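Here's the structure we're looking at; comments come further down.
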Amino acid sequence: MLRPSFLGVLVLALPVLGPGAPAAAATPTPEQARFFENKVRPLLVKNCFSCHGPAKKRGGLRVDSLAALLAGGESGAALVPGKPRDSLLIKAINYHDLEMPPKKQLPRGEIAVLTEWVQIGAPWPGATAPLAPARPRGFEVTAADRAGWAFRPVVRPSVPGSATGAIDAFLAVKLKEKGLGFAPLASRRQLIRRATFDLIGLPPTPTEVEAFERDERPDAYERLLDRLLASPHYGERWGRHWLDVVRYADTNGYERDDEKPFSWRYRDYVIRSLNADKPYDQFVREQLAGDELDRVTDDSLAATAFYRLGPWDDEPDDRRQAEYDDLDDVVSTTATTFLGLSVGCARCHDHKFDPIGQDDYYAMLAFLRNVKPYAKPSKIADRTILAPLTGGGMTLAVQERGGRPLPTHVLSRGSAATPGKEVQPRFLRVLCQNDESAAPRLPAPGPRSSGRRRALAEWIARKENPLTARVMVNRLWHHHFGRGIVATPSDFGKTGLPPTHPELLDFLAAELVEGGWRLKRMHRTMMLSHAYRQSSRVGEGPALRSDPGNVLLWRQNLRRLEAEAVRDVVLAVSGGLNPRMGGRGVFPPLSKEVLSTQSRPGAGWGRSSTEDQARRSVYVFSKRTLGVPLLEAFDAASPDRSIAARTATTIAPQALTLLNSDFVEEQAAAFADRLIKESGNDPGANVVRMFRVALSRAPTAQETRIARAYLERVTRQGADKRRALALLCKVALNLNELVYVD
């Protein structure tokens, strides 16, 4: 066991307990608002309002407002935000003591939705203060709507001032208004570590750090960026960011949580596309209509698995409703991913805040209505969800019902049982010059496909679309600076936050389009700025008092690595990282306790070789109902919905997982073996090498003294030198400095 006194000295800032369960109903975040409008409100309307709504109030209970639920009825309060087990509503739908609805229990998926809603604090838009002024009744897209900052055309602004770079010039304007300036540049060691983690998600080697620190050429930093952008690890790093947004998983979810066959080909397509610096507009077209393009390739077919990545219930109570729920998942994900809009909020009614009507929602759905629903493959050649590749094998892919598309109707309150008027495909009117220009020119249908998805894809990928480029450059900015220019990367509407620097956002969007939609060029542009290269180590002063949240970017932000990068760093430092790319997901070993959390313990979790278990975390099999504890502890993204910005909590299980997991124990032993191999048996040399490999720096005199004293003490207590060094390596793998990038 490691002694607390040693940990207390060497582990500079282990995580501490974070906040507990959320309290009741603060103003919902944009993501929570979408979750409520897309999932919770339709469920309550369909199942509860008839008996507990404005017309009836059985048992004294109404469920059509948060206040009514909190007040409760004859049995008491219906819910306790943040505590599903204490909420009568959750007990009732689980048929514990109470049984609601009385005629038939809700499906498992709907119970899970309501339980999650209560768990996250029962957010209800408008329950306290509205997220934004609600739109007046009677829907119309006005000229004022189209003039909103997100909806007007991108116009390249002139660069202000005399700063050496455009990015710094735009930022300097607002800094100057506050009497502030940029922080000094980060050290060479900080810079190579920051850039390497940002672009490939792995630590630089000691050799790379030493070479960069000695390189006096004026373009040394540019050379570093070019080398990192050319690395195949770049696609793995940035592919993981994209997979968060498109809700990627290898399984369907729900009770059986069966595997989605060949879903991994989509993940590999994303990584290949990013490594090849495929133009972003082509990347968009391939995912939305790769099978309808003039030239269909194996890559463009695999790209259309985008439509198949969401959760799927193989045993729904109402198959017709389930089909529309699946279509809603695709419509909502398409809109948030490529356009940064919460279109899904208009499924049941006109959007309460954004200029998106219910008709607009179903007009967008009409582009996708002809897609065959997901289904279990009955055989390997099943063409419902699979397609053959010219290079051999199969891929998960989209398939349509044929050239003649099915009609699309507006559904009252989103219910498949109450279809209304028929609508035709139409682009979102607020993103078009006028209502007339929103009408698409649809291609002639083919024998297997209507061609409608291609029309949608071409419109989204047009350089004139005001959102596509803005949304993508903002996603890049978010991951380089820790916060987007628009801090809600998938919500550019009124429930999101406005841009802190709108001119800079438009400049970057114009740069992306004019640069041929090449993303690597945009990385380089952002990372060459002083704003990116400045230090994060700034003490007390006017800037901290004036802008403690660093909204104006007077310094760089300290950022913790994401879950997958934490695991990858441990593997890289130990020397055991397997660089093999692609293929079906790998299965790290899970304990019996973890496997027992499934309805069928162990089902669907395979066994991988020791070599494969050491591959990068982007290749870990993503099972919706079963997570890897290390990744979950460090806030891995939920694959059940699009995640644009991960949370970064600080909680006790992070420290406990790193200290006690078999994985870290094994990697610490491997790290010790690496140190002995590279620096011999001298304890002093081992300590220096350990710091250089793990932290890209030499230890201080105090750190050296403490580490060597610890090795001597553990050896005196009976441990051999290798075991003592392994224990010290375990401490190194628990340092905050290992997983934080400054």
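The values are calculated or read from the model by the stated rules, or taken from the named source; none is laboratory data. Keep in mind that this is a model prediction, so the values were computed, not measured. We place every Cβ from the backbone using ideal geometry, glycine too, and count neighbours over all the protein chains shown. Accessible surface areas use protein heavy atoms only, side chains included; no ligands, DNA or RNA. Shrake-Rupley method; radii C 1.70, N 1.55, O 1.52, S 1.80 Å.
Note on the range 132-239: enclosed helices (runs of 4 or more DSSP H) holding 3 or more residues that are among the charged types (D, E, K, R) are 166-177, 188-200, 206-214, 220-229.
Annotation for the range 359-368: no member residue is under 18 Å from Phe151 (Cα atoms), in contact (Cβ under 8 Å) with a residue 12 or more places away in the chain and outside any helix (DSSP H, G or I). Here the range 683-723 is the region considered, the condition is being assigned to a loop (DSSP other than H, G, I, E, B) and of a type outside the set (Gly, Ala, Ser), and the residue that is nearest to the chain's Cα centre (by Cα) is Arg697. Pairs meeting the criteria (first residue in the range 290-303 and assigned to a loop (DSSP other than H, G, I, E, B), second residue open to solvent by 40 Å² or more (accessible area, probe 1.4 Å), beta carbons under 6 Å, at least 6 apart or on different chains) are Glu292/Arg454. Here's a check for you: in the range 598-645, which residue that is more than 23 Å from Trp312 (Cα to Cα) and open to solvent by 30 Å² or more (accessible area, probe 1.4 Å) is nearest to the chain's Cα centre (by Cα)? Among those that are more than 23 Å from Trp312 (Cα to Cα) and open to solvent by 30 Å² or more (accessible area, probe 1.4 Å), it is Ala645.
Answer yes or no: is there a residue in the range 142-151 that is open to solvent by less than 20 Å² (accessible area, probe 1.4 Å), touching a strand residue (DSSP E or B) at 6+ places or on another chain (Cβ under 6 Å) and either modelled with pLDDT under 85 or among the aliphatic types (A, V, I, L, M) (or both). Within the range 142-151, not a single residue is open to solvent by less than 20 Å² (accessible area, probe 1.4 Å), touching a strand residue (DSSP E or B) at 6+ places or on another chain (Cβ under 6 Å) and either modelled with pLDDT under 85 or among the aliphatic types (A, V, I, L, M) (or both).
Among the residues of the range 654-661, is there at least one that is at negative phi, without any contact (Cβ under 8 Å) to a residue 24 or more places away in the chain and small (Gly, Ala, Ser)? Looking through the range 654-661, none of the residues is at negative phi, without any contact (Cβ under 8 Å) to a residue 24 or more places away in the chain and small (Gly, Ala, Ser).
In the range 508-534, the residues that are in contact (Cβ under 8 Å) with a residue 12 or more places away in the chain and at positive phi reach residues that are buried (at least 22 other Cβ atoms within 10 Å of the Cβ) and assigned to a loop (DSSP other than H, G, I, E, B) with C-beta atoms within less than 9 angstrom, at least six apart or across chains, in these pairs: Trp517/Ala461.
What are the residues in the range 245-270 that are among the hydrophobic types (A, V, I, L, M, F, W, C) and in a loop (DSSP other than H, G, I, E, B), if any? Within the range 245-270, Val246, Ala249, Phe262 meet the criteria. Pairs meeting the criteria (first residue in the range 74-95 and over 16 Å from Gly59 (Cα atoms), second residue of a type in the set (Asp, Glu) and in a helix (DSSP H, G or I), beta carbons under 8 Å, at least 6 apart or on different chains) are Val80/Asp86.
Within the range 688-713, the set of residues being open to solvent by less than 20 Å² (accessible area, probe 1.4 Å), of a type outside the set (A, V, I, L, M) and under 21 Å from Gly576 (Cα atoms) comprises Phe691, Ser696.
Selection of the range 449-471 for residues being in a loop (DSSP other than H, G, I, E, B) and either open to solvent by less than 30 Å² (accessible area, probe 1.4 Å) or more than 24 Å from Ala509 (Cα to Cα) (or both) yields Ser449, Ser450, Gly451, Ala461, Asn465, Pro466, Leu467. So is Ala183 within 27 Å of Arg227 (Cβ to Cβ), surrounded by 15 or more Cβ atoms within 10 Å (Cβ to Cβ) and at pLDDT 95 or above or not? It is true that Ala183 is within 27 Å of Arg227 (Cβ to Cβ), surrounded by 15 or more Cβ atoms within 10 Å (Cβ to Cβ) and at pLDDT 95 or above. Being among the aromatic types (Phe, Trp, Tyr) and open to solvent by 40 Å² or more (accessible area, probe 1.4 Å): is that true of Tyr254 here? So Tyr254 fits the description; yes.
In the range 191-225, the qualifying residues are those that are under 24 Å from Asn557 (Cα atoms) and of a type in the set (Ser, Thr, Tyr), and the one that is least open to solvent (accessible area, probe 1.4 Å) is Thr196.
Being without any contact (Cβ under 8 Å) to a residue 60 or more places away in the chain and open to solvent by 20 Å² or more (accessible area, probe 1.4 Å) is the filter here; which residues of the range 714-742 pass it? Once the filter is applied, which keeps residues that are without any contact (Cβ under 8 Å) to a residue 60 or more places away in the chain and open to solvent by 20 Å² or more (accessible area, probe 1.4 Å), the range 714-742 yields Thr715, Arg716, Gln717, Gly718, Ala719, Asp720, Lys721, Arg722, Arg723. Of all residues assigned to the range 556-570, at least one qualifies as being assigned to a helix (DSSP H, G or I) and out of contact with any Phe, Trp or Tyr (no Cβ under 9 Å at 6 or more places or on another chain).
Can Val573 be described as among the aliphatic types (A, V, I, L, M), in a helix (DSSP H, G or I) and either out of contact with any Ser or Thr (no Cβ under 8 Å at 6 or more places or on another chain) or more than 29 Å from Ser273 (Cα to Cα) (or both)? So Val573 passes the test.
You will find that of Pro311, Pro316, the residue that is at pLDDT below 95, in a loop (DSSP other than H, G, I, E, B) and either open to solvent by 10 Å² or more (accessible area, probe 1.4 Å) or of a type in the set (Val, Ile, Thr) (or both) is Pro316 and no other. Within the range 409-448, being of a type in the set (A, V, I, L, M) and either assigned to a strand (DSSP E or B) or exposed (fewer than 14 other Cβ atoms within 10 Å of the Cβ) (or both) holds for Val410, Leu411, Ala417, Val423, Ala444.
Within the range 143-162, residues that are in contact (Cβ under 8 Å) with a residue 24 or more places away in the chain and closer than 21 Å to Leu497 by Cα reach partners that are part of a loop (DSSP other than H, G, I, E, B) and open to solvent by 50 Å² or more (accessible area, probe 1.4 Å) with beta carbons closer than 7 Å, at six or more positions or on different chains, in the pairs Arg146/Arg152; Trp149/Pro498; Pro153/Glu464. Entry remark, the range 168-180: residues being touching a residue at least 60 places away in the same chain (Cβ under 8 Å) and out of contact with any helix residue (DSSP H, G or I) (no Cβ under 6 Å at 6 or more places or on another chain) number 3 in total.
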